[in-house]
Amino acid sequence: MSSPLTLPLQRETSRPRRALILAGGALIAATYFYLVLAQPADLAGGGGSAASLICLFGFLGGGALLVGGILPTLTTSSLVVMPLGIALNIAIGQTAGSLGLQIYLDAIGTVLVAVLAGPAAGAATGALSNAIWGLFNPLALPFAAGAALIGLLAGTAAKYGAFRRIYLAPFAGLAVGAVGGLVAAPIAATMFGAAGTVGTNAIVAAFRAMGDSLLVAATKQGLTSDTLDKLVVFTLVALLVYALPGRARNQFPFVRRYRVLAGRAPTPVPGTSGE
Amino acid sequence: MPRRRIFNPLTELLAAALLVVLVLVINRWQFSLAVLVAVILPAVLLSGRPRRIGLTLTVVAAPLLLSSLVLHGLFFPEGTTVLAQWGFARMTVEGLEFAALMGLRMAVFAGALLTATMTASIPELVSTMTHRGWNRKLVFVIGSAVGLLPHVAARAHHILRAQQARGLVVGGGLRRFKALLMVSTPLVTGLLVDASERTHMLEARGFSSTVRRTSYLPDTDSAAQRAARWAMTGVVVVFSFLWLATGAAK
């Protein structure tokens, strides 16, 4: 056991935090519904200025509120894997993007953190990684809220046993991907005229050639790419976490408490407890 | 090459972000082009590392600009003024205009933020955030993630080389997926083991205590810059409201 040599951790009240999380979620939901309901007329005239502003601030602001609400509740062991997840997201996502793949692979770190450290840490990782990635690749910036949602859903799926069997993970990925695609499509259409990677643009072009409006084409592309993408990502993460040595994965309280992974009931081994 | 930096990184990042907001508010391709030529180009040239920034910009933005041009230039069903037509593809004036608007917007996004990021010193940014009393967990996650990035890339490269030495062939289809798994498993395992060691070190150094942090680096931020940041934000917010309220955006 590592006993801190400093004063014991002071547990603050969780009231204002919950308010922040709720406000962030409400802001994101309101922005999304505004975009979906008010968008089509605005977009045909060449990218509404107000719409793209509302999109950027709604989703970024909502993401910031969420992160602000979640961060203080996280333990050190969760906090320490978050930079790792962020770096993995950006490194692999950037590679997949420059290879021109039709899928993004930019959520591996988010899903990994969500499985190991829980939905809250997953959501914060998703939002922060897109915010940081946005400094290198600005196209990622507006998708911060979508990435937070992916982390939240992946963590919730893990909590209820989607990763206890490897064959369940792809199905969870499909479901999460469908939700993620629906959320991401209006953002892509409003901010950048549905431009993604070269690979995803080809899919949008195919739907546009059939005469779909930009939002519809982006949604269909999102449903195609995102479901496939999350299916691959969830499978990959499931294979990854089972390949980890027990010491590495059982250091996380979330994994132990909810029996996220199959196998012998993990007993806390002296010297490996996360906190 | 020495990097030329005049302001605190926080000020520069905020200025870049506000520029992006202005481009979104005004929403005319002429304005985006003007910003690109009059602000971003000189900033890149004066940054002290124009070649690196130019190269990154080309790698990040050029494929997107090209594919966006093809996407909207050729497939824009709403367009009425047809310039040329080949089968399914129709080149329309409206499509090209939309492509220019979105393409220039992306170029300003990438140019402004990349220039600010690539000239910013990350330790200085982190120390400024600590001095300004930001949430220490947020500061840790941001600083640590940015610091880990090159480390992760280098480590992935080493592991790929090691696996190739053991006979891994990176091929297409399912083979590529297997290669991805063979590289990412040792990568993630190694990083997680490092992370658990870091947990113990951080705990032993009082990471979870709630007292005010001190930073080893001196504060390079000044009161004038702090005031300038607030003023810049205020001006942009007021301008945006006026611009949108008078309906000039249409």
Being in a helix (DSSP H, G or I) and surrounded by fewer than 24 Cβ atoms within 10 Å (Cβ to Cβ) is the filter here, so list the residues in the range A:157-171 that pass it.
A:K159, A:I166, A:Y167, A:L168, A:P170, A:F171
Residue in the range B:92-117 that is nearest to the other protein chains (Cβ to nearest Cβ), counting only those that are touching a Ser or Thr at 6+ places or on another chain (Cβ under 7 Å) and over 19 Å from B:R28 (Cβ atoms)
B:L114
Hey, any hits in the range A:94-114 for a residue that's out of contact with any helix residue (DSSP H, G or I) (no Cβ under 7 Å at 6 or more places or on another chain) and modelled with pLDDT of 90 or more?
no
With the structure loaded, tell me whether B:T233 is free of Cβ contacts under 8 Å to residues at least 60 places away in the same chain and not aliphatic (A, V, I, L, M) or whether it fails that test.
no
Criterion (farther than 26 Å from B:G147 by Cα and not assigned by TED's automatic domain parsing to the domain that holds B:N27) met by exactly one of B:R213, B:R175
B:R175
Check on B:V193, in the same structural domain as B:V25 (by TED's automatic domain parsing), part of a helix (DSSP H, G or I) and in contact with a helix residue (DSSP H, G or I) (Cβ under 8 Å, 6 or more places away or on another chain)
no
For the structure I just gave you, tell me whether B:F140 is assigned to a loop (DSSP other than H, G, I, E, B), at the interface with another protein chain (Cβ under 10 Å from one of its Cβ atoms) and crowded, with 17+ Cβ neighbours inside 10 Å.
no
When residues of the range B:1-59 are limited to those that are within 14 Å of the chain's Cα centre (by Cα) and of a type in the set (S, T, Y), the one surrounded by the fewest Cβ atoms within 10 Å (Cβ to Cβ):
B:T58
Scope the range B:60-75; condition more than 17 Å from the chain's Cα centre (by Cα) and assigned to a helix (DSSP H, G or I); matching residues:
B:L66, B:S67, B:S68, B:L69, B:V70, B:L71, B:H72, B:G73, B:L74
The range A:66-91, subset closer than 13 Å to B:L138 by Cβ and among the aliphatic types (A, V, I, L, M), residue farthest from the other protein chains (Cβ to nearest Cβ)
A:L66
For the range B:203-228, enumerate the residues that are in contact (Cβ under 8 Å) with a residue 60 or more places away in the chain and either in contact with a Ser or Thr (Cβ under 6 Å, 6 or more places away or on another chain) or facing chain A (nearest Cβ under 7 Å) (or both).
B:F207, B:R213, B:S215, B:L217, B:D221, B:Q225
If I filter the range B:159-174 for residues that are more than 10 Å from chain A (Cβ to nearest Cβ), among the β-branched types (V, I, T) and free of Cβ contacts under 8 Å to residues at least 24 places away in the same chain, do I get at least one hit?
yes
Subset tally (residues that are surrounded by 24 or more Cβ atoms within 10 Å (Cβ to Cβ) and farther than 15 Å from A:G24 by Cβ) for the range A:133-152
6
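The values are calculated or read from the model by the stated rules, or taken from the named source; none is laboratory data. None of these values were measured; they are calculated from a predicted model. No Cβ is skipped: glycine too gets one built from the backbone with ideal geometry, and neighbour counts run over all protein chains shown.
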